[in-house]
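In what follows, a single structure is set out as structure tokens and then discussed.
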Amino acid sequence: MTHRFAPVGVAVLSSAAFTLALSALSAIAQQPQDGPSPADVTSRLRGVAQLSAPITEDKLPTSALKLPQGFKVETYIHGVMDARSLRLGDKGTVFVGNRARDKIYAVVSQGAKREAKVIASGLDRPNGLAFKDGTLYIAEGTKISKLEKIEDNLDQPPKPVVIYSDFPDHRSHGWKFLAIGPDNKLYVSVGAPCNICEPPSGNAQIRRLNTDGSGAEPYALGVRNSVGFDFHPINKELYFTDNGRDLISDDLPNDELNRVTKMGQHFGFPYCHQGDLPDNELGAGHACSEYVPPIAKLGPHSASLGMRFYTGSQFPKSYKNAIIVARHGSWNKSNKEGGDVVVVKLNKDGTVKSREPFITGFLEDNKYIGRPVDVMQMKDGSLLVSDDWNGAIYRITYGKQKVASH
């Protein structure tokens, strides 16, 4: 896909969009220190409010979604409000996090029937999830907690046990993404507390720690707001999406797909965006060559979020070890970008070969009918896609399926 870029520093936001953005940011800046509720932030900062109640299955956009030939999409489950990050348990349970709400769900299957059970509530932006050896780890706004042996206790879940709480508390990019690395450590994003600023120490990074909460250390720096990462199945390197800053122009900067080849690398924020665009406010005195450039540009203001390497055998061979990325879609761009799922295919050396559409149709006439957030491979090689706009999860399969499987 080719984009026409506006010159650096030229504002091409529509006047209405620019006014809306400034008003939202100003209102949030004037909030008391403890801040507004997560739902309030989501509504005003992102400019595109979610639906306030579950919709019926027949109102979901499933039939409007378009995929490459041979692929099929169906509704996996609906009525899971604010469905965000996805993780798979050892026994097939699908765990679902929230950002604007306060719950963690467990989706269990009995034949073709599926039920979503609330296993934790009253949480603070519990967006990040990871699962290892029977334990579900939950990253909230200011802490990480765990639920041990959770798949054996879905009907009587234990209370979350906090293992780490040394996060800055801010509403702008305060939600987290979480994953278990090949070293069996937790990796968690700590976003920047702003659209653009000199981030305080401990912000704008991906942090690594042991599963008991000890040994926390910064792993990647200069990361504005990553809400998706995964590890290459062969070289084990960390790849992550990062959301670019707002209020430069409609067409700049791009969101990024980044690759960490060694601990401690700096990916540019707040001085350089998309690898080649010095920031118009903070870029002076900082050359883009000082920082690690992205391996792919993912579109301006596309809100590229969840991503996973596809390692299954159900999809065609060309998808093996490719990265599947959910682009949530822009909030303040005149002509919206994203609202889709793309596949990024790699060369053997881990560099990018191509970026191709995978699921389109969430965006019609510049209006959303759905907003994909995260993707997750199932044991049978099918793929789940969460949609927080509709409170639904979709299942993608390829070829003829003999039986419904989870």
Task: Exposure rank, largest accessible area first [Met81, Met263; 1.4 Å] - done: Met263, Met81
Task: Rounded if a/c under 1.5, otherwise prolate or oblate - segment 284-406, Cα gyration tensor axes - done: oblate
Task: Calculated on alpha-carbon atoms, Rg and Dmax of segment 351-406 in Å - done: 13.5, 37
Task: Links that overshoot a 30 Å alpha carbon limit, given the list Lys149/Lys176; Lys59/Lys132; Lys103/Lys379 - done: Lys59/Lys132
Task: Spatially proximal aspartates and glutamates relative to Lys367 (Cα-Cα < 12 Å; intrachain offsets below 8 disregarded) - done: Glu337
Task: Under 24 Å from Lys348, Cα to Cα: lysines that are on another chain or at least 8 residues apart - done: Lys236, Lys262, Lys297, Lys317, Lys320
Task: trypsin sites (Lys or Arg not before Pro) lying in DSSP loop within segment 90-145, provided at most 14 other Cβ fall within 10 Å - done: Lys91
TODO: In debye, nearest 20, what is the charge dipole magnitude of segment 324-406 about its Cα centre with +1 on Lys and Arg Cβ and -1 on Asp and Glu Cβ, if you could check?
DONE: 280 debye
Task: Simple Cβ-charge dipole of the chain, Lys/Arg +1 and Asp/Glu -1, about Cα centre, in debye nearest 20 - done: 1120 debye
Task: Cα-based Rg of the chain normalised by 2.2 N^0.38 Å, two decimals - done: 0.92
Task: Zone residues, segment 287-304, relative to Asn347, backbone N less than 14 Å from point 7 Å out along Cα-to-Cβ - done: 295-296
TODO: With a probe of 1.4 Å, find how much accessible area segment 288-406 has per residue, and write the answer as a whole number in Å².
DONE: 37 Å²
Open item on the list: Give the aspartates and glutamates whose C-alpha is closer than 15 Å to that of Lys113, dropping any in the same chain fewer than 8 places away, or say none.
Closed with: Glu57, Glu74
Open item on the list: Connecting C-alpha atoms closer than 10 Å in a GNM of the chain, tell me which of Asp242, Asp279, Asp388 has the biggest fluctuation.
Closed with: Asp279
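Any idea what diffusion coefficient segment 241-281 gets from Stokes-Einstein, in µm²/s, Kirkwood Rh on alpha carbon pairs, 4 °C, 1.567 mPa s?
In µm²/s, the coefficient is 118.
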TODO: Filter the trypsin sites (Lys or Arg not before Pro) in segment 199-282 to those in DSSP coil with at most 10 other Cβ atoms within 10 Å of their Cβ, and list the result.
DONE: Lys236, Lys262
Open item on the list: Ignoring solvent entirely, what values of log10 I(q)/I(0) come out of the Debye formula for segment 90-177 at 0.23 Å⁻¹ when each Cα is a single scatterer?
Closed with: -1.12
- [ ] For segment 121-266, give the percent of accessible area contributed by carbon and sulfur heavy atoms, probe 1.4 Å, rounded to a whole number.
- [x] 44 percent
TODO: Give the carbon-plus-sulfur fraction of the accessible surface of segment 295-368 in %, rounded to a whole number; probe 1.4 Å, heavy atoms of protein chains only.
DONE: 47 percent
Task: In Å², nearest 10: area of Tyr271 left accessible to a 1.4 Å probe - done: 30 Å²
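The values are calculated or read from the model by the stated rules, or taken from the named source; none is laboratory data. Computed from a predicted structure; not experimentally measured. We place every Cβ from the backbone using ideal geometry, glycine too, and count neighbours over all the protein chains shown. Heads up: the accessible areas ignore ligands, DNA and RNA and are worked out on the full protein's heavy atoms, side chains in. Shrake-Rupley method; radii C 1.70, N 1.55, O 1.52, S 1.80 Å.
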